[in-house]
Amino acid sequence: MGPMGTPERTTELGTRLVWQCGVHAVELGDRTVLMGILNVTPDSFSDGGRFFEVDAAVDRALQLRDDGATIVDIGGESTRPGADPIPSEEEIRRVAPVVERLQAEAPDLVLSVDTSKAAVARAAVDVGASIVNDVSAGRDPRMLDAVASTRAGYVAMHMQGEPGTMQADPHYSDVVEDVRSFLGDRLRAAEQAGIQRDRLCVDPGLGFGKTLEHNLALLRDIHRIVELGVPVLAGPSRKRFIGTLTGAEDPADRVEGTAAVVAWLVAQGTHIVRVHDVREMTRVVQVVDAIVLGSAP
């Protein structure tokens, strides 16, 4: 066993898997995949308003691709702590034109829609999204059936509570086991709804209804989530717990702290990292991948 009881890692990244996402087959395990964040919102915690217009959003997505992102995750509703929900119609109005333009201009780019609403998921997939990234893991009772009716990949994320209240008083018996058990249950529910296992991915939900100590415990034992046997995505980028650890109040000043967390996640077998700073994190994962593999991936 390695430090802190984690398994020794030598010549392999995450378990080698192929994640089926619509027309795309995303190969995982030989190198770490980066998912670039594109918020088409006026109020996201880090970059709200910067890419609210369609042209700016499309340009940003293409830049994320050029910087090293395999997947671009497009979100039309902020899920920052304290955020209020918006109607599905408004979320579709923000997201669908961006997805449609990118599908036409960059068909090889894997597009993900970051939503917890079945109507938004269906609308985005209809115009070219290949992944539904659901922070609520199917809390909308129509979500799993909606995804099952498509060929899209599906990410089930753990979140305690709702974005508006999730940081009020998060508590767990054992955060790692509680999150692992929840994600295992959601995988079974997704399969029962008709979503094939090779289309499924899980996310432990760093910063979503977790204290600093909860986040650190999940990071330390992230291999327990990897053991579920499906792709694992994690999104540490610029999160508040990094600011707490480093004293960086401005999310834009949390790049170095994010890099440290990304390096740890990659070394422990996480398949996909979701980040704002794709250019910088591409370099981080290239070096960590090479160390783990013993050669350039």
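The values are calculated or read from the model by the stated rules, or taken from the named source; none is laboratory data. As the structure is a computational prediction, the values presented were derived from the model and not from experiment. Here the Cβ positions follow ideal geometry from the backbone for every residue, glycine too, while neighbour counts run over all protein chains shown. Accessible surface is based on the protein model in full, side chains and every heavy atom, while ligands, DNA and RNA are left aside. Shrake-Rupley method; radii C 1.70, N 1.55, O 1.52, S 1.80 Å.
What the table shows:
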item	result
Region 254-277 - residue that is polar (S, T, N, Q) and farther than 18 Å from Asp67 by Cα and, of those, nearest to the chain's Cα centre (by Cα)	Thr270
Whichever residue in region 83-95 is in contact (Cβ under 8 Å) with a residue 40 or more places away in the chain and outside any loop (DSSP other than H, G, I, E, B) and, among such residues, is farthest from Thr41 (Cα to Cα)	Val95
Within region 97-126, tally of residues that are touching a strand residue (DSSP E or B) at 6+ places or on another chain (Cβ under 9 Å), among the hydrophobic types (A, V, I, L, M, F, W, C) and open to solvent by 20 Å² or more (accessible area, probe 1.4 Å)	2
Hits in region 96-121 - residues which are among the acidic types (Asp, Glu) and over 16 Å from the mean Cα position of the chain (by Cα)	Glu100, Glu105, Asp108
Residues within region 1-60 that are in a loop (DSSP other than H, G, I, E, B), crowded, with 22+ Cβ neighbours inside 10 Å and modelled with pLDDT of 90 or more, tallied	2
Residue check for Ser78: more than 20 Å from Met281 (Cα to Cα), buried (at least 16 other Cβ atoms within 10 Å of the Cβ) and at pLDDT below 95	yes
Count - residues of region 244-267 that are under 11 Å from Thr32 (Cα atoms) and either of a type in the set (S, T, N, Q) or open to solvent by 20 Å² or more (accessible area, probe 1.4 Å) (or both)	2
So Asp185, is it open to solvent by 20 Å² or more (accessible area, probe 1.4 Å), without any contact (Cβ under 8 Å) to a residue 12 or more places away in the chain, assigned to a loop (DSSP other than H, G, I, E, B) and not small (Gly, Ala, Ser)	no
Scan of region 96-123 for residues that are out of contact with any Leu (no Cβ under 8 Å at 6 or more places or on another chain) and either closer than 11 Å to Asp73 by Cβ or assigned to a strand (DSSP E or B) (or both), ordered by number	Val110, Ser112, Val113, Asp114, Thr115
Flag for Asp185 being touching a strand residue (DSSP E or B) at 6+ places or on another chain (Cβ under 7 Å), within 30 Å of Val23 (Cβ to Cβ) and at pLDDT 95 or above	no
Condition check for Ala129: at pLDDT 95 or above, within 28 Å of Glu27 (Cβ to Cβ) and in contact with a strand residue (DSSP E or B) (Cβ under 6 Å, 6 or more places away or on another chain)	yes
Residues (open to solvent by 10 Å² or more (accessible area, probe 1.4 Å) and assigned to a helix (DSSP H, G or I)) located in region 217-240	Ala217, Leu219, Arg220, His223, Arg224, Val226, Arg240
Residues of region 188-202 classified as closer than 19 Å to Ser112 by Cα and either open to solvent by 10 Å² or more (accessible area, probe 1.4 Å) or touching a Ser or Thr at 6+ places or on another chain (Cβ under 8 Å) (or both), total	4
Ala296 among the hydrophobic types (A, V, I, L, M, F, W, C), touching a residue at least 40 places away in the same chain (Cβ under 8 Å), over 30 Å from Ala152 (Cα atoms) and out of contact with any strand residue (DSSP E or B) (no Cβ under 8 Å at 6 or more places or on another chain)	no
